[in-house]
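Asker: Provided herewith is a single structure, encoded as structure tokens, for subsequent inquiry.
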Amino acid sequence: IVQPTLVGYELGRGAQALPLDPGSMHPERSLLLDTFLQVLLCHGASIAQLRRAKKDGGAGAAGGGAAEALTALEDAAHADVDQRERTRFPAPEVFECDQYGSKARYVVQKLNPDVPLSTFLQGLYKAIVS
């Protein structure tokens with residue numbers, strides 16, 4: 001079984017590895033979840049709002065410095081997605097979504113498993129010991 005990886009991108013910061021934890025999802029962070037068969041790029045609510053404002057041509061919502069930081073964030077994230085897609089066989093399915101969007105359920109499901117690993121291991125330990 002391949003352990004999924006999670007990478008976070010924030011405005012003005014480089015990419016950083018994050019734990020597969022619900023606390024990793026933040027409105028001002030884009031997440032790249034790599035499950036080997038799927039690569040998901042999920043933008044936080046604030047990042048998604050800036051992206052929509054930029055796409056609509058609203059310069060007021062994303063000022064000069066913020067627009068440059070947003071472009072750098074998007075370029076870094078898309079470069080990582082492209083690199084993973086290009087170097088893997090079979091090629092993974094690639095999704096891009098916004099926080100609270102319909103496709104964000106894939107990310108939420110990986111960050112919020114039905115049974116947390118620690119709870120599963122405690123139950124397993126009790127079953128083995130008794």
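The values are calculated or read from the model by the stated rules, or taken from the named source; none is laboratory data. Bear in mind that the values here come from a model prediction, so they are computed numbers and not experimental data. Cβ: placed from backbone, ideal geometry, glycine included. Neighbour counts: every protein chain shown. For accessibility, only protein heavy atoms count, side chains too; no ligands or nucleic acids. Shrake-Rupley method; radii C 1.70, N 1.55, O 1.52, S 1.80 Å.
Asker: Show me, for the stretch 8-18, the HN-Hα J-couplings you get by feeding each phi into the Karplus relation (A = 6.51, B = -1.76, C = 1.60, θ = phi - 60°), rounded to Hz, glycine and proline as x.
Answerer: x, 10, 10, 4, x, 10, x, 5, 9, 5, 10
Asker: Same structure again: 5 Å is the cut-off here: which amide hydrogens, built 1.01 Å from N in the peptide plane, fall below it relative to residue 96, excluding neighbours closer than 5 in sequence?
Answerer: Here the answer is 41, since their amide H atoms fall under 5 Å of that of residue 96.
Asker: Counting only protein heavy atoms and using a 1.4 Å probe, what share of the accessible area of the chain belongs to carbon plus sulfur, as a whole percent? Kindly include the intermediate steps, with their values, before the conclusion.
Answerer: Values: 4580 of 8100 Å².
Using a 1.4 Å probe with all protein chains present, the chain comes out at 57 percent carbon and sulfur.
Asker: Please work out which option in (1) 1.07; (2) 1.13; (3) 0.95 gives Rg/Rh (Cα atoms, Kirkwood Rh) calculated from these coordinates, and answer with its label.
Answerer: Comparing each candidate, only (1) matches the computed number.
Asker: Report the full-extension gain for the segment residue 87 to residue 120: residue separation times 0.36 nm, less the Cα-Cα distance, to one decimal in nm.
Answerer: Contour length minus the Cα-Cα distance gives 8.5 nm.
Asker: Taking the alpha-carbon distance from residue 110 and a cut-off under 17 Å, which aspartates and glutamates remain once sequence neighbours fewer than 8 residues away in the same chain are dropped?
Answerer: 21, 34, 93, 96, 98
Asker: Of all DSSP beta bridges in the chain, what percent run antiparallel (nearest 5)?
Answerer: Percentage antiparallel, nearest 5: 70.
Asker: What angle do you read, to the nearest 10 degrees and between 0 and 90, between the alpha-carbon axis of helix 45-56 and the longest principal axis of the chain?
Answerer: The answer is roughly 30 degrees.
Asker: At 7 Å along Cα-to-Cβ for each site, give me the label-to-label distance between residue 46 and residue 26 in nm.
Answerer: Label-label distance for residue 46 and residue 26, simple model: 0.8 nm.
Asker: Same structure, new question: Pull out the extension gain between residue 127 and residue 110, defined as 0.36 nm times the separation in residues minus the alpha carbon to alpha carbon distance; nm, one decimal.
Answerer: Separation in residues times 0.36 nm, less the Cα-Cα distance, equals 3.5 nm.
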